[in-house]
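Take a look at the structure below.
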Amino acid sequence: MSKYRFLYAYWLVPAYLLFLIFQQATVYTSSQDTYENGTSYLAEVTDFDIKQIAAQSNGYVDIRFETDEGKLIERRLTLSIQMAQKLMESSNIPIRYKEGNAQEIVLFPTYDIQRSTSLFNMSVAIIGLIIAGAAGFFLNRYVKRKAANANEDKFNIERVD
(Lines give C-alpha, C1' and ligand atoms only; values in the text may rest on other atoms or scores of the structure.)
Protein backbone atom coordinates (compact mmCIF):
# COMPACT_ATOMS: atom_id res chain seq x y z
CA MET A 1 0.00 0.00 0.00
CA SER A 2 1.35 3.40 -0.94
CA LYS A 3 2.18 5.94 1.76
CA TYR A 4 0.14 8.50 -0.17
CA ARG A 5 -3.11 6.69 0.59
CA PHE A 6 -3.14 8.31 4.03
CA LEU A 7 -3.86 11.63 2.34
CA TYR A 8 -7.43 10.44 1.83
CA ALA A 9 -7.93 11.34 5.51
CA TYR A 10 -8.11 14.92 4.19
CA TRP A 11 -11.79 14.27 3.47
CA LEU A 12 -12.42 14.56 7.21
CA VAL A 13 -12.07 18.35 6.81
CA PRO A 14 -14.97 18.71 4.34
CA ALA A 15 -16.99 16.22 6.41
CA TYR A 16 -16.49 18.40 9.48
CA LEU A 17 -17.49 21.52 7.54
CA LEU A 18 -20.63 19.72 6.37
CA PHE A 19 -21.40 18.86 9.99
CA LEU A 20 -20.99 22.54 10.93
CA ILE A 21 -23.37 23.59 8.17
CA PHE A 22 -26.06 21.21 9.43
CA GLN A 23 -25.45 22.22 13.05
CA GLN A 24 -25.79 25.94 12.27
CA ALA A 25 -28.88 25.27 10.13
CA THR A 26 -30.38 23.43 13.11
CA VAL A 27 -29.58 26.38 15.40
CA TYR A 28 -31.15 28.80 12.92
CA THR A 29 -34.35 26.85 12.29
CA SER A 30 -34.75 25.82 15.91
CA SER A 31 -34.31 29.34 17.27
CA GLN A 32 -36.73 30.64 14.65
CA ASP A 33 -39.29 27.97 15.66
CA THR A 34 -38.87 28.79 19.35
CA TYR A 35 -39.23 32.51 18.62
CA GLU A 36 -42.39 32.04 16.56
CA ASN A 37 -44.09 29.18 18.43
CA GLY A 38 -42.64 29.32 21.95
CA THR A 39 -44.30 30.56 25.10
CA SER A 40 -43.33 34.03 26.33
CA TYR A 41 -41.89 34.44 29.83
CA LEU A 42 -40.03 37.07 31.78
CA ALA A 43 -36.79 35.57 33.07
CA GLU A 44 -34.94 36.88 36.09
CA VAL A 45 -31.20 37.44 35.65
CA THR A 46 -29.42 35.73 38.54
CA ASP A 47 -25.83 36.23 37.33
CA PHE A 48 -24.14 38.06 34.50
CA ASP A 49 -20.46 38.19 33.58
CA ILE A 50 -18.33 39.36 30.68
CA LYS A 51 -14.89 37.83 30.19
CA GLN A 52 -12.26 39.77 28.30
CA ILE A 53 -9.22 37.67 27.49
CA ALA A 54 -6.75 39.28 25.07
CA ALA A 55 -8.50 39.38 21.67
CA GLN A 56 -11.47 37.30 22.80
CA SER A 57 -14.48 38.64 24.65
CA ASN A 58 -17.60 36.77 25.61
CA GLY A 59 -19.90 36.39 28.53
CA TYR A 60 -22.71 34.47 30.08
CA VAL A 61 -26.02 35.13 31.71
CA ASP A 62 -27.77 32.92 34.26
CA ILE A 63 -31.54 33.15 34.04
CA ARG A 64 -34.38 31.69 36.06
CA PHE A 65 -38.07 31.53 35.23
CA GLU A 66 -41.13 29.48 36.04
CA THR A 67 -43.23 27.85 33.32
CA ASP A 68 -47.02 27.81 33.23
CA GLU A 69 -46.89 24.26 34.60
CA GLY A 70 -45.00 25.49 37.69
CA LYS A 71 -41.64 24.05 36.65
CA LEU A 72 -38.67 26.23 37.71
CA ILE A 73 -36.01 26.44 34.99
CA GLU A 74 -32.51 27.79 35.55
CA ARG A 75 -30.05 28.02 32.67
CA ARG A 76 -26.66 29.51 31.89
CA LEU A 77 -26.52 30.93 28.38
CA THR A 78 -23.22 31.82 26.75
CA LEU A 79 -23.24 35.12 24.91
CA SER A 80 -21.06 36.87 22.39
CA ILE A 81 -19.92 40.35 23.39
CA GLN A 82 -22.53 41.92 21.08
CA MET A 83 -25.30 39.96 22.79
CA ALA A 84 -23.94 40.68 26.26
CA GLN A 85 -23.91 44.43 25.58
CA LYS A 86 -27.65 44.36 24.88
CA LEU A 87 -28.34 42.63 28.20
CA MET A 88 -25.89 44.48 30.48
CA GLU A 89 -28.33 46.57 32.47
CA SER A 90 -31.23 44.10 32.46
CA SER A 91 -32.50 42.49 35.63
CA ASN A 92 -35.35 40.78 33.74
CA ILE A 93 -35.21 39.54 30.16
CA PRO A 94 -38.21 38.71 27.95
CA ILE A 95 -37.73 35.24 26.47
CA ARG A 96 -39.50 32.59 24.45
CA TYR A 97 -39.35 29.00 25.65
CA LYS A 98 -40.23 25.82 23.79
CA GLU A 99 -39.42 22.62 25.64
CA GLY A 100 -37.72 19.87 23.65
CA ASN A 101 -36.52 22.15 20.88
CA ALA A 102 -32.82 22.19 20.00
CA GLN A 103 -32.79 25.87 21.01
CA GLU A 104 -35.26 25.83 23.88
CA ILE A 105 -34.69 29.44 24.95
CA VAL A 106 -34.52 32.52 22.76
CA LEU A 107 -33.78 35.90 24.32
CA PHE A 108 -35.90 38.63 22.69
CA PRO A 109 -33.25 41.38 22.79
CA THR A 110 -30.60 39.21 21.13
CA TYR A 111 -32.71 37.21 18.68
CA ASP A 112 -31.65 39.18 15.59
CA ILE A 113 -27.97 38.86 16.50
CA GLN A 114 -28.32 35.12 17.15
CA ARG A 115 -30.09 34.58 13.85
CA SER A 116 -27.61 36.63 11.80
CA THR A 117 -24.65 34.96 13.54
CA SER A 118 -25.90 31.48 12.70
CA LEU A 119 -26.50 32.53 9.07
CA PHE A 120 -23.01 34.05 8.89
CA ASN A 121 -21.42 30.91 10.40
CA MET A 122 -23.34 28.75 7.95
CA SER A 123 -22.23 30.83 4.96
CA VAL A 124 -18.56 30.75 6.06
CA ALA A 125 -18.77 26.96 6.44
CA ILE A 126 -20.35 26.66 2.98
CA ILE A 127 -17.54 28.71 1.43
CA GLY A 128 -15.00 26.59 3.31
CA LEU A 129 -16.70 23.42 2.09
CA ILE A 130 -16.52 24.58 -1.53
CA ILE A 131 -12.82 25.42 -1.20
CA ALA A 132 -12.04 22.21 0.71
CA GLY A 133 -13.98 20.17 -1.84
CA ALA A 134 -12.02 21.68 -4.72
CA ALA A 135 -8.74 21.09 -2.90
CA GLY A 136 -9.83 17.52 -2.15
CA PHE A 137 -10.53 16.91 -5.82
CA PHE A 138 -6.98 17.91 -6.77
CA LEU A 139 -5.56 16.00 -3.81
CA ASN A 140 -7.36 12.85 -4.99
CA ARG A 141 -5.87 13.24 -8.45
CA TYR A 142 -2.41 13.66 -6.92
CA VAL A 143 -2.78 10.60 -4.69
CA LYS A 144 -4.01 8.42 -7.56
CA ARG A 145 -1.13 9.53 -9.77
CA LYS A 146 1.46 8.93 -7.05
CA ALA A 147 -0.03 5.57 -6.05
CA ALA A 148 0.00 4.37 -9.66
CA ASN A 149 3.61 5.47 -10.19
CA ALA A 150 4.93 4.31 -6.84
CA ASN A 151 7.96 2.12 -7.27
CA GLU A 152 8.02 0.48 -3.93
CA ASP A 153 10.74 -2.02 -3.32
CA LYS A 154 9.50 -5.56 -3.62
CA PHE A 155 11.22 -8.10 -1.48
CA ASN A 156 11.39 -11.79 -2.19
CA ILE A 157 12.06 -13.72 0.93
CA GLU A 158 13.77 -17.05 0.34
CA ARG A 159 14.34 -19.60 2.94
CA VAL A 160 17.90 -20.83 3.04
CA ASP A 161 18.47 -24.09 4.89
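For the reader, a short list of remarks on this structure follows.
- Filtered residue count, the stretch 88-110, keeping only those that are buried (at least 17 other Cβ atoms within 10 Å of the Cβ) and of a type in the set (A, V, I, L, M, F, W, C): 5
- Tally of residues being among the polar types (S, T, N, Q) and without any contact (Cβ under 8 Å) to a residue 24 or more places away in the chain across the stretch 56-72: 1
- Residue that is nearest to Ser80 (Cα to Cα), among those in the stretch 49-65 that are over 22 Å from the mean Cα position of the chain (by Cα) and at pLDDT 90 or above: Ile63
- Matching residues in the stretch 104-134 - criterion: being outside any helix (DSSP H, G or I) and either β-branched (Val, Ile, Thr) or closer than 16 Å to Ser80 by Cα (or both): Ile105, Val106, Leu107
- Scanning the stretch 35-85 for residues that are closer than 19 Å to Pro109 by Cα and among the basic types (Lys, Arg) yields Arg64, Arg75, Arg76.
- Of all the numbered requirements in (1) basic (Lys, Arg); (2) out of contact with any helix residue (DSSP H, G or I) (no Cβ under 7 Å at 6 or more places or on another chain); (3) surrounded by fewer than 14 Cβ atoms within 10 Å (Cβ to Cβ), Arg5 misses one, and that requirement is (2).
- The stretch 73-92 residues that are acidic (Asp, Glu), paired with ones that are modelled with pLDDT of 85 or more (beta carbon under 9 Å, 6 or more apart): Glu74/Thr46; Glu74/Asp62; Glu74/Ile63; Glu74/Arg64; Glu74/Phe65
The values are calculated or read from the model by the stated rules, or taken from the named source; none is laboratory data. Note that the structure is predicted; figures quoted are calculated from it, not measured. We place every Cβ from the backbone using ideal geometry, glycine too, and count neighbours over all the protein chains shown.
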